[in-house]
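**Q** Can you read through this structure? Questions will come right after.
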Amino acid sequence: MVILYLQLHLSFYEVFSLKERRSILNSLRSRMKDKFNVSFAEASGQDNFRETQIGIVSISDDRTFLEALKEKIFSFLDSWPQFEVRVLNQEFL
């Protein structure tokens, strides 16, 4: 059993309220769960509308599957123009 854990920092562009940021995150969470079947949680920065940290986790028997999934997740996140992604931590446990 292998666990993929990603801790990411998101910096939002042209977001001026917590409501706007929450809307973007809810859409991101929903699409990631549907597309990749991953767990997604906001880890910190919940009171700051310009940035936040999220955690993404997936479990599989196959490490190569998780490595490919990680690349797909990063490509997917790069397609979102509303924020910039910075990787804080990425681990296979």
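The values are calculated or read from the model by the stated rules, or taken from the named source; none is laboratory data. This structure is a prediction, so every number in the text was calculated from the model and none was measured. Positions of Cβ are backbone-derived with ideal geometry, glycine not excepted, and every protein chain shown enters the neighbour counts. Each accessible area value is taken on the protein alone, full model and side chains, heavy atoms only, with ligands, DNA and RNA left out. Shrake-Rupley method; radii C 1.70, N 1.55, O 1.52, S 1.80 Å.
**Q** For the range 59-81, indicate whether the set of residues that are touching a Ser or Thr at 6+ places or on another chain (Cβ under 7 Å) and not aliphatic (A, V, I, L, M) is non-empty.
**A** Within the range 59-81, the first condition is being touching a Ser or Thr at 6+ places or on another chain (Cβ under 7 Å), and the residues that meet it are 66, 69.
Those still in the list that are not aliphatic (A, V, I, L, M) too: none.
No.
**Q** Residues of the range 14-41 being touching a Gly at 6+ places or on another chain (Cβ under 8 Å) and within 15 Å of V85 (Cβ to Cβ), which ones?
**A** F40
**Q** Please find, among V15, V57, the residue that is assigned to a loop (DSSP other than H, G, I, E, B) and open to solvent by less than 70 Å² (accessible area, probe 1.4 Å).
**A** Working: V57 fails: assigned to a loop (DSSP other than H, G, I, E, B).
After applying the criteria, what remains is V15.
**Q** Please verify whether the range 72-82 includes one or more residues that are open to solvent by less than 40 Å² (accessible area, probe 1.4 Å) and touching a Phe, Trp or Tyr at 6+ places or on another chain (Cβ under 7 Å).
**A** Yes, because at least one residue in the range 72-82 is open to solvent by less than 40 Å² (accessible area, probe 1.4 Å) and touching a Phe, Trp or Tyr at 6+ places or on another chain (Cβ under 7 Å).
**Q** Also, quick follow-up: Among the candidates V15, V57, which residue alone is in contact (Cβ under 8 Å) with a residue 40 or more places away in the chain and farther than 13 Å from F92 by Cβ? So that I can check it myself, show each step before the final result.
**A** Details: V57 fails: farther than 13 Å from F92 by Cβ.
That would be V15, the only listed residue that is in contact (Cβ under 8 Å) with a residue 40 or more places away in the chain and farther than 13 Å from F92 by Cβ.
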